[in-house]
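Data block below; observations after.
The values are calculated or read from the model by the stated rules, or taken from the named source; none is laboratory data. The structure displayed is predicted, hence computed values, not measured ones. Glycine also receives a Cβ, built like all others from the backbone with ideal geometry; neighbour counts cover every protein chain displayed. Areas reflect the complete protein model, heavy atoms only, side chains present, ligands, DNA and RNA absent. Shrake-Rupley method; radii C 1.70, N 1.55, O 1.52, S 1.80 Å.
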Amino acid sequence: VQLQASGGGLVQAGGSLRLSCVVSGRTFISYNMGWFRQAPGKEREFVSVIFWSGATYHADSVKGRFTISRDNAKNTVYLQMNSLKPEDTAVYYCAARPRENREPPTTTLGYDYWGQGTQVTVSS
């Protein structure tokens with residue numbers, strides 16, 4: 001399984017970006033998909049997850065501003081980020097979680113496969 005994230009860039013505070021993550025393989029529909037981010041000097045932190053059922057969950061820090069979605073026909077998961085803040089600056093990673101993974105979906109252990117990351121920089 002390979003994950004390819006894209007869509008990062010430089011944006012002013014209050015702006016928007018949409019990240020995409022394309023997943024190789026035929027079992028995408030069965031994966032739960034997550035987004036994490038890592039700022040310099042900080043640990044990787046959970047952002048959002050979308051389950052195979054379509055249910056979603058977001059970290060409190062992004063709730064109401066970020067939306068995660070998926071297109072199973074395109075093997076792609078998206079993260080729409082609105083009202084961006086300088087504290088959202090980080091490398092964003094997508095990750096895939098097989099159903100048999102029983103670790104909490106808000107932790108890095110809850111995911112078996114990771115993309116390479118895409119940089120998001122929000123200027124004030």
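Sort out the exposed loop trypsin sites (Lys or Arg not before Pro) in the chain (DSSP loop, at most 13 other Cβ within 10 Å) and tell me the longest stretch that has none. Walk me through the numbers on the way to the answer.
Values: sites that count: Arg26, Lys42, Lys63, Arg99, Arg102.
In the chain, the maximal stretch lacking such sites is 64-98.
Just tell me which aspartates and glutamates come within less than 15 Å, Cα to Cα, of Lys42; anything on the same chain fewer than 8 places away is out.
Qualifying aspartates and glutamates at Cα under 15 Å: Glu87, Asp88.
At Ser6 and Trp52, where each label point lies 7 Å from the Cα along Cα→Cβ, what is the point-to-point distance in nanometres?
According to this spin-label approximation, the distance is 2.8 nm.
Cut-off under 28 Å on the C-alpha distance; same-chain residues fewer than 8 positions from Lys74 excluded. Which lysines are left, in chain and number order?
Filter leaves Lys63.
Reachable aspartates and glutamates from Lys85, Cα under 15 Å, same-chain residues fewer than 8 places away excluded?
Cross-link targets: Asp60.
As an exercise, use a Förster radius of 22 Å and the Cβ-Cβ distance of Arg99 and Glu45 to find the FRET efficiency, rounded to the nearest 0.05.
Numbers: r = 23 Å, r/R0 = 1.06.
The computed FRET efficiency comes out at 0.40.
On full extension of the chain, what length is gained from Asp71 through Thr27, given 0.36 nm per residue of separation minus the C-alpha to C-alpha distance? Show your work: numbers first, answer last.
Values: separation 44, 0.36 × 44 = 15.84 nm, distance 1.30 nm.
Extra length from Asp71 to Thr27 when fully extended: 14.5 nm.
How large, in percent, is the carbon and sulfur part of the accessible surface of the chain at a probe radius of 1.4 Å?
Details: 3100 of 6390 Å².
Using a 1.4 Å probe with all protein chains present, the chain comes out at 48 percent carbon and sulfur.
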